[in-house]
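For reference, the structure is listed below as structure tokens.
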Amino acid sequence: MLEKKKMCVCELASVLGISQPSVSRHLKKLKKAGLIDYEQEGFWTNYYLGYRNEYSKEILLLLRNWENDNNRVKKDLEKASITDRSKVCSKK
């Protein structure tokens, strides 16, 4: 999903149907592995694919091939494309 668009934790949680703390833990691991990066945009922290090491591109290519054959991934991508953060995220 982060290959298609930048997303915040609440958007990812909504699409995946898991809690925001769980999403945050997964994002932290992906960031540590060099697969994603982030930027601040006012209230939101936007996550996106990042290529911070030599292995990132190879891993992401393998994942891209896998996602083309996985129905759950296809459904999540469709849901992510229409997810509206103003509707799924509550402001503090």
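The values are calculated or read from the model by the stated rules, or taken from the named source; none is laboratory data. Predicted model only: the values in this text are computed from it and were never measured. Neighbour counts run over all protein chains shown; Cβ positions are idealised from the backbone, glycine included.
Looking at (1) under 12 Å from the mean Cα position of the chain (by Cα); (2) assigned to a loop (DSSP other than H, G, I, E, B), can you tell me which one LYS31 breaks?
Here LYS31 clears every test but (2).
Any chance the stretch 36-51 includes a residue that's modelled with pLDDT under 95 and in a helix (DSSP H, G or I)?
Checked against the condition, which is being modelled with pLDDT under 95 and in a helix (DSSP H, G or I), the stretch 36-51 yields no hits at all.
Can you find a residue in the stretch 15-22 that is within 22 Å of GLU78 (Cα to Cα), under 12 Å from the mean Cα position of the chain (by Cα) and part of a loop (DSSP other than H, G, I, E, B)?
No, every residue in the stretch 15-22 fails to be within 22 Å of GLU78 (Cα to Cα), under 12 Å from the mean Cα position of the chain (by Cα) and part of a loop (DSSP other than H, G, I, E, B).
Sort out which residues of the stretch 64-78 are at pLDDT 80 or above and either part of a helix (DSSP H, G or I) or in contact with a Lys or Arg (Cβ under 8 Å, 6 or more places away or on another chain) (or both), and write them in order of number.
Of everything in the stretch 64-78, those that are at pLDDT 80 or above and either part of a helix (DSSP H, G or I) or in contact with a Lys or Arg (Cβ under 8 Å, 6 or more places away or on another chain) (or both) turn out to be ASN71, ARG72, VAL73, LYS74, LYS75, ASP76, LEU77, GLU78.
With (1) free of Cβ contacts under 8 Å to residues at least 12 places away in the same chain; (2) among the hydroxyl-bearing types (Ser, Thr, Tyr); (3) surrounded by 12 or more Cβ atoms within 10 Å (Cβ to Cβ) as the list, and SER19 as the residue in question, which single condition is left unmet?
Going through the list (1) free of Cβ contacts under 8 Å to residues at least 12 places away in the same chain; (2) among the hydroxyl-bearing types (Ser, Thr, Tyr); (3) surrounded by 12 or more Cβ atoms within 10 Å (Cβ to Cβ), SER19 breaks only (3).
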